[in-house]
Amino acid sequence: MKPTGIHIAGELKSGLFEVLNNCNKLEEIIHNAITDSGMSVVSIASHNFDPIGTTVAAILSESHVVIHTYPESKHVSVDIFTCNYNPDSPRRLFDFLKKELNAVKIKYKELLRGDILDIKETNMFTTSGGSGFEIRYEVARVIFSTKSDYQQLDIIENPVFGRMLFLDNDLQIADSDAHIYNEAMIAPSRDLKTINNSLILGGGDGGIANQLLKETNCQITLVDIDPIVIEACKNHLTKVCGNAFDNERVKVVNEDAEKFMYSKNSFDAIFYDLSMHPEAFSIKDKKTYMLDLFNSIKKILKKGGVLTMQCCSAFDHETINMLNDMLPGFFNNINYNEVFIPSFCEPWIFASAKN
């Protein structure tokens, strides 16, 4: 059987205690929701449980709607199934229920029914963890979402971590703990007496640049290939980037970092804020890419200059071992720092070295 139905399973939090324990009122709300959505009611039945709680079930020409309430917990469970493969009507019905029940917290899943059972989680964002697990973030609101020439970009609002930036489903930074991440990146450069010129490879969220502006008088070159990321962060992640992108000391270059480093510029400090997993965008294997990259960085980093890097999850032993093998061939005074980033839900490794 080909997919022919849409199934919405939702959980709502509502403060309307009297309504949640009133079968007649709930029947009225469901009847109006069905009519508003353009579907047809066959019959509605309800039952009040003792001492509290209700179930209301509606048979539709298109299938059914059922809600069950737990007034003592301000909770409503919603089940909507329509046998026509058109999501507009069940979504409209669900939106009507959310409004009429004054829902203040909403979780739901959409399922495609038929030969396959496909779940679409429109209010959760899933990303891969360091190794062997996934991390799921609640989406209170989608702030921005687009596909650029280079990657999928999403900025969401999370109840705990605030605004969060994802690139190709990988978390980059969050409002709540960007300061922890940026501190780990900036700290090694404080060993330098002065920084006149600094280079940020990646860093399109503007956080590192913003912190450097506060602590130094240096000129900052930020190289990020994707102008859409920079514009989105400038508009939607101001807690992270501040006014960095409007500061005259910050020069933004939208270019591939590897190509940029063929330039003859030299820098006192280089901040590597790119991925350690280039296989997604480079035809080179990981080892070759990183060897070429470190060779290029060494050429443009001044003698005595500092390189600081975000590396990987503390659970990514393959990348950590690769860095242990590679970095001593290019730099000295190599140090590793393990920092727990709450929004990452795992410890993160940062590295620093001198030329």
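Please provide three numbers in whole Å: the alpha-carbon extents of the chain along the principal axes, with the largest listed first.
Principal axes ranked by extent give 80, 43, 33 Å for the Cα atoms.
7 Å from Cα along Cα→Cβ at both S266 and H31: what's the point-to-point distance in nm?
Between S266 and H31, the simple spin-label model gives 8.4 nm.
If you stretched the chain out fully between N337 and T194, how much longer would it get, using 0.36 nm times the residue separation minus the C-alpha to C-alpha distance?
Extending this stretch completely gives an extra 49.2 nm.
With just the Cα atoms defining each centre, how far is region 41-118 from region 299-355? Give it in Å.
Result: 51 Å between the Cα centres.
Averaging the inverse of every distinct alpha carbon separation and then flipping it gives the Kirkwood radius. What is it for region 5-120, in angstrom units?
By the Kirkwood definition, the hydrodynamic radius is 14.1 Å.
Distance in nm between label sites at D246 and H179, each 7 Å beyond Cα in the beta-carbon direction?
The two pseudo-label positions are separated by 2.2 nm.
Relative to the present Cα-Cα distance, how much length would full extension add between K13 and R141 at 0.36 nm per residue of separation?
Working: separation 128, 0.36 × 128 = 46.08 nm, distance 1.63 nm.
Additional length available on full extension: 44.5 nm.
For G5, what residues show an amide H to amide H distance below 5 Å, using hydrogens built from the backbone and excluding near sequence neighbours?
R113
Roughly what angle does helix 317-326 make with the longest principal axis of the chain, taking Cα atoms, 0 to 90 degrees, to the nearest 10?
10
Using 1/(1 + (r/R0)^6) with R0 = 25 angstrom and r between the beta carbons of N169 and E231, what's the FRET efficiency to the nearest 0.05?
0.80
With charges only on Cβ, +1 for K and R and -1 for D and E, what is the dipole size of region 124-174 about its Cα centre, in debye, rounded to 20?
Roughly 140 debye for region 124-174.
Sequence-distant or interchain residues sharing an amide H contact under 5 Å with E346, placed H: which?
Hits under the 5 Å cutoff: I341.
Could I have the simple spin-label model distance between E255 and K286, label points 7 Å from Cα toward Cβ, reported in nm to one decimal?
Result: 2.9 nm between the two label points.
Provide the per-residue ³J(HN,Hα) series for region 212-220, in order, calculated from phi with Karplus coefficients 6.51, -1.76, 1.60 and θ = phi - 60°, each as a whole number of Hz, with x at glycine and proline positions.
5, 4, 6, 9, 9, 10, 6, 7, 10
How high is the relative contact order of the chain? Use alpha-carbon pairs under 8 Å, at least six apart in sequence, and give a whole percent.
Rounded, it is 12 percent for the chain.
Residue farthest toward the positive end of the dipole of the chain, with Cβ of Lys/Arg at +1 and Asp/Glu at -1: which of G204, F81, L97?
G204
Which one of I320, I230, V250 is farthest out on the positive end of the charge dipole of region 177-354, using unit charges on Cβ (Lys, Arg +1; Asp, Glu -1) and the Cα centre as origin?
V250
So what is the 222 nm mean residue ellipticity for the chain from helices alone, if each DSSP H run of at least 4 adds -39500 (n - 2.57) and you divide by all residues, rounding to the nearest 500 deg cm²/dmol? Provide the component values of the computation, followed by the final result.
Details: 10 runs with 93 residues, N = 355.
Taking each H run of at least 4 residues, the total per residue is -7500 deg cm²/dmol.
Would you please give the FRET efficiency between K109 and E157, computed as 1/(1 + (r/R0)^6) with r the Cβ-Cβ distance and R0 = 22 Å, to the nearest 0.05?
For R0 = 22 Å, the calculated efficiency reads 0.70.
Considering amide H positions built from the backbone, and no H for Pro or chain starts, which residues 5 or more places from K105, or on another chain, come under 5 Å of its amide H?
Here K13 satisfy the definition.
No value in this document is a laboratory result; all are computed from the given coordinates. All values derive from a computational prediction rather than experimental measurement. Heads up, the Cβs are rebuilt from the backbone with ideal geometry, glycines too, and the neighbour counts pull from every protein chain shown.
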